[in-house]
């Protein structure tokens with residue numbers, strides 16, 4: 001495994017841990033130190049993950065896990081159900097008991 005694969009695997013582990021714990025990623029400085037890469041290289045990785053929706057980066061607020069990966073990690077789908085979309089009939093109990 002080359003160093004690029006190692007960085008990607010380690011960064012993936014950090015992202016998954018953050019998603020499972022519903023927290024932000026460590027700062028860029030902390031990630032650079034723990035991954036042993038330059039800030040420029042880290043930003044390239046983070047930008048690629050942001051483009052595909054796995055991360056959300058807000059200046060001054062940090063980097064957080066995107067909604068897509070949060071849903072995948074906790075096994076939730078944001079797609080609304082397609083069956084039974086009709087409103088309940090008048091006089092019926094909703095939700096049913």
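The values are calculated or read from the model by the stated rules, or taken from the named source; none is laboratory data. Values in this document were obtained by computation on a predicted structure and should not be read as measured data. With ideal geometry, Cβ positions are generated from the backbone for all residues, glycine too; neighbour counts draw on all protein chains shown.
Worth pointing out:
- Failed item in (1) touching a helix residue (DSSP H, G or I) at 6+ places or on another chain (Cβ under 7 Å); (2) part of a helix (DSSP H, G or I), with residue 24 passing the rest: (2)
- Scan of the range 33-48 for residues that are over 14 Å from residue 62 (Cα atoms) and not in a loop (DSSP other than H, G, I, E, B), ordered by number: 33, 34, 35, 39, 40, 41, 44, 45, 48
- Sole residue being in contact with a helix residue (DSSP H, G or I) (Cβ under 8 Å, 6 or more places away or on another chain), modelled with pLDDT under 90, under 18 Å from residue 6 (Cβ atoms) and surrounded by 14 or more Cβ atoms within 10 Å (Cβ to Cβ), chosen from 49, 31, 42, 54: 49
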